[in-house]
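Participant: A single structure is presented below for examination.
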Amino acid sequence: MTALPDKKLEKKPLLERVGVRYFEQRSAGKGRPPAAAQVDAVHLLNPEERAAVKRVERGAIFRSFLAGAISAAIAAVAEVWATPLAPEGTALLSSESLKFWAIVGGATAIAAVLEILYLYWDILRSVHELSQVTGLQLFGASQKDSDRAIAEALARAALELPNPITLHPRINPRREASKWRLLAASVIYKLKVGVSNFLIKMLVRRILGRVFVRSLVNSVIPFAAVPITAAWNGVVTWLVMREARLRAMGPSAAQELVSVVFADAPVLSEAGRLAAVRAVAAAIVRTQDLHPNLVALLAEVQHKAGDTGNAELDDPGEFLRSLRVLPAGEQRLALQTLVVACIVDGRVSRREKKLLTEAFAAVGRPVDFGPVHRLRREFVAGNGVADDAVRAL
């Protein structure tokens, strides 16, 4: 295992620092509505909190949809207005073409920059409001390290920044990752809007070209990007707000889930304590991401399990081999911990399902995904942590 640098030495990205600073200012600002009174755990949403969460999420989605539509419409109007300057057949490097691209490119760039700045501000504001309506107190009277950790996680969600991979010196989430696969995923993500707009424009041109005259088609096609850009904005904002809600609820849920798992635990041997911690580490490696909820869960499990020395943690193969020789009670605790680790980020990936299947097979049991998916749904919906679902594993 490659040693990772200490998290204290890692410099936070500029956007993340800006986002956290904005949360601090809003939390301390006069005239701001106070956070909801915390009458229950943050991960348990009561009817009033659910209604407030839906209001915040829908407002953010609508505003991002509208911002995308306006931005794309400005670019489309510029293109239609500039088209007579460079009619079809104009040489690419002629002065007419250069004027056309200067107008269209300039209008598109200005609109895009203003759209991005607005979306960053509005989503940060919405995420902070979301944390308040769930009862999460960011930067209260007594600031703690956990406050900043949650604020950083929320800022990364709002600004779509990747999670750091150096938060734990003995866990490398990219241990089994393919660099080419990571690169391909990043490229596909960046191209999604551009490719969609291109395909839609080609489709519109093909359909309308058979019905209307060319001049009318050329006037309509630029506006095909308006609904596509708006829709992508809406989808991305929905995903961002969902992720922010999960991160706001995560530390609270992790604390209660670990309490349930360890409530009936036997006195753990050194191997049993190590297996519990390795269960979380194996899930991190298989997700290839240090999701903040997994970081919170790992801290809770390490606190409950106690000292595990300097043993290697992030080898899923070693975790699976150790399961086979544990007593039944410690096997059950390790499996329960693994299930919790696989659902606490709000999804169960294909690689996590494979890990669960391998882990249950290692102790001679078939995996039942029913309780796993039920536990995930209950957590995502804010219904609590379903103690009976955990104990049924």
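Bear in mind that the values in this text are calculations on the coordinates, not laboratory data. Note that the structure is a prediction, hence the values are computed from the model and not measured. Note that we place each Cβ from the backbone using ideal geometry, even for glycine, and neighbour counts take in every protein chain shown.
Participant: Grab the beta carbon distance between Ser95 and Val235, set R0 = 41 Å, and tell me the FRET efficiency rounded to 0.05.
Facilitator: The pair Ser95/Val235 has a calculated efficiency of 0.50.
Participant: Using packing as a proxy for protection, rank 70-81, 364-375 so that the peptide with the highest average count of other Cβ atoms within 10 Å comes first.
Facilitator: Answer by packing, highest mean first, reads 70-81, 364-375.
Participant: Sticking with this one: Just grab the label-to-label distance for Arg17 and Leu114, each label 7 Å out from Cα along the Cβ direction, in nm (one decimal).
Facilitator: Calculated label separation equals 3.0 nm.
Participant: Let me ask something else about it. Count neighbours as other Cβ atoms within 10 Å of each site's Cβ, and list the GluC sites (Glu not before Pro) in region 287-393 that are DSSP loop with at most 14 such neighbours.
Facilitator: Here the GluC sites (Glu not before Pro) that fit, given the DSSP loop and packing criteria, are Glu312.
Participant: What are the principal axis extents of the Cα atoms in region 249-391, in Å, biggest first?
Facilitator: Principal-axis extents of the Cα atoms in region 249-391, largest first: 36, 29, 29 Å.
Participant: How much length, in nm to one decimal, is gained on full extension between Val80 and Leu161, taken as 0.36 nm per residue of separation minus their Cα-Cα distance?
Facilitator: Stretched fully, the Val80-Leu161 segment lengthens by 25.6 nm.
Participant: I need the calculated FRET efficiency for the pair Arg350 and Arg377, taking r as the beta carbon distance and R₀ as 25 Å, to the nearest 0.05.
Facilitator: The calculated FRET efficiency here is 0.85.
Participant: Sticking with the crude label model, points 7 Å out along Cα→Cβ, report the distance from Arg148 to Ala263 in nm, one decimal please.
Facilitator: So the two model labels end up 3.5 nm from each other.
Participant: Report the gain in length on full extension from Leu66 to Arg242: 0.36 nm times residue separation, minus Cα-Cα distance, nm rounded to one decimal.
Facilitator: 61.4 nm
Participant: Determine, from the Cβ-Cβ distance of Arg50 and Glu312 and an R0 of 30 Å, the FRET efficiency 1/(1 + (r/R0)^6), rounded to the nearest 0.05.
Facilitator: For Arg50 and Glu312, the calculated efficiency is 0.10.
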